[in-house]
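Right, one structure below, let's go through it.
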Amino acid sequence: MKIVSEPLPGLFLLEPSVFGDERGYFFESWNHGKFCELIQKEVHFVQDNQSLSGKGVVRGLHLQAPPFAQGKLVRVVRGTVLDIALDIRKNSPTYGKHFSAELSEKNHRMMWIPEGFAHGFSVLEDQTIFLYKCTNFYNKASEHCIRYNDSALNINWKTEQAIVSEKDKEGLLLSDFESPFTYV
């Protein structure tokens, strides 16, 4: 596994070493020691989540506040998404900035989204399966949502007609969100 880029401090786009031949391919999708050494931080995952979505679905921008804040390692098993991470750390030089990257079954890329980022994705292919490894358990009372279409964020979700849950439609504008995270 290697770091492709660190577009915002602490946020990493990763690419595994993929070994392929006429039979298919093999890659190591998770190795605790190698991952922690690569991002220079000790990380422990406690929960794996999986979603199946159709083309045009937009999920996010989600986060959990401390003490249930989550870091996430995300990847696609089938299909393609445009993955989005939004820096919501007070005093961060990149507060309110986002990074987007296509994650797909073909490129095998992953994104490490640390605590202090809101996360979402737009589904670019039908029947897309998305995996999340999370550093903390889901806690409904700690859940927050930044509105996916907040014009101040200027996010291009690469979809003509977003299919969005009612909860995500009612997310807060970033200007109305009081972040519980501080940039260190």
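The values are calculated or read from the model by the stated rules, or taken from the named source; none is laboratory data. Here the structure is a predicted model, which means the values were calculated and not measured. Reconstructed Cβ throughout: ideal geometry from the backbone, glycine too, with neighbour counts over all protein chains shown.
Some observations on this one:
- Residue match in segment 84-102 (condition: charged (D, E, K, R) and touching a His at 6+ places or on another chain (Cβ under 9 Å)): yes
- Qualifying residue in segment 45-63 (condition: within 20 Å of residue 129 (Cα to Cα), at pLDDT 95 or above, in contact with a Lys or Arg (Cβ under 8 Å, 6 or more places away or on another chain) and outside any strand (DSSP E or B)): yes
- For residue 25: the one exception among (1) part of a loop (DSSP other than H, G, I, E, B); (2) at pLDDT below 95; (3) aromatic (Phe, Trp, Tyr): (1)
- Residue within segment 149-162 that is in a loop (DSSP other than H, G, I, E, B), touching a helix residue (DSSP H, G or I) at 6+ places or on another chain (Cβ under 8 Å) and among the aliphatic types (A, V, I, L, M) present: yes
- Yes/no for residue 179 being under 22 Å from residue 41 (Cβ atoms) and polar (S, T, N, Q): yes
Residue-wise test of (1) of a type in the set (S, T, N, Q); (2) under 13 Å from residue 59 (Cα atoms); (3) in contact (Cβ under 8 Å) with a residue 12 or more places away in the chain.
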site: 77; (1), (2), (3): no, no, yes
site: 97; (1), (2), (3): no, no, yes
site: 111; (1), (2), (3): no, no, yes
site: 145; (1), (2), (3): no, yes, yes
site: 151; (1), (2), (3): yes, no, no
site: 159; (1), (2), (3): yes, yes, yes
site: 163; (1), (2), (3): no, yes, yes
site: 168; (1), (2), (3): no, yes, yes
site: 183; (1), (2), (3): no, no, yes
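- Test: residue in segment 110-122 that is farther than 19 Å from residue 75 by Cβ and of a type in the set (Ser, Thr, Tyr): no
- Any hit, segment 47-58, residues being basic (Lys, Arg) and either over 23 Å from residue 145 (Cβ atoms) or surrounded by 17 or more Cβ atoms within 10 Å (Cβ to Cβ) (or both): no
Residue-wise test of (1) within 13 Å of the chain's Cα centre (by Cα); (2) over 26 Å from residue 127 (Cβ atoms).
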residue: 6; (1), (2): no, yes
residue: 33; (1), (2): no, yes
residue: 53; (1), (2): no, no
residue: 61; (1), (2): yes, no
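- Candidate set: segment 124-175, residues that are over 20 Å from residue 100 (Cβ atoms), of a type in the set (A, V, I, L, M, F, W, C) and under 17 Å from the mean Cα position of the chain (by Cα); chosen: the one surrounded by the most Cβ atoms within 10 Å (Cβ to Cβ): 134
- Top-ranked residue of segment 70-111 - restricted to ones that are surrounded by 20 or more Cβ atoms within 10 Å (Cβ to Cβ) and outside any strand (DSSP E or B), ranked as nearest to the chain's Cα centre (by Cα): 71
- When segment 112-148 is filtered for residues that are of a type in the set (D, E, K, R) and part of a strand (DSSP E or B), the ones remaining, listed by number, are 133, 143.
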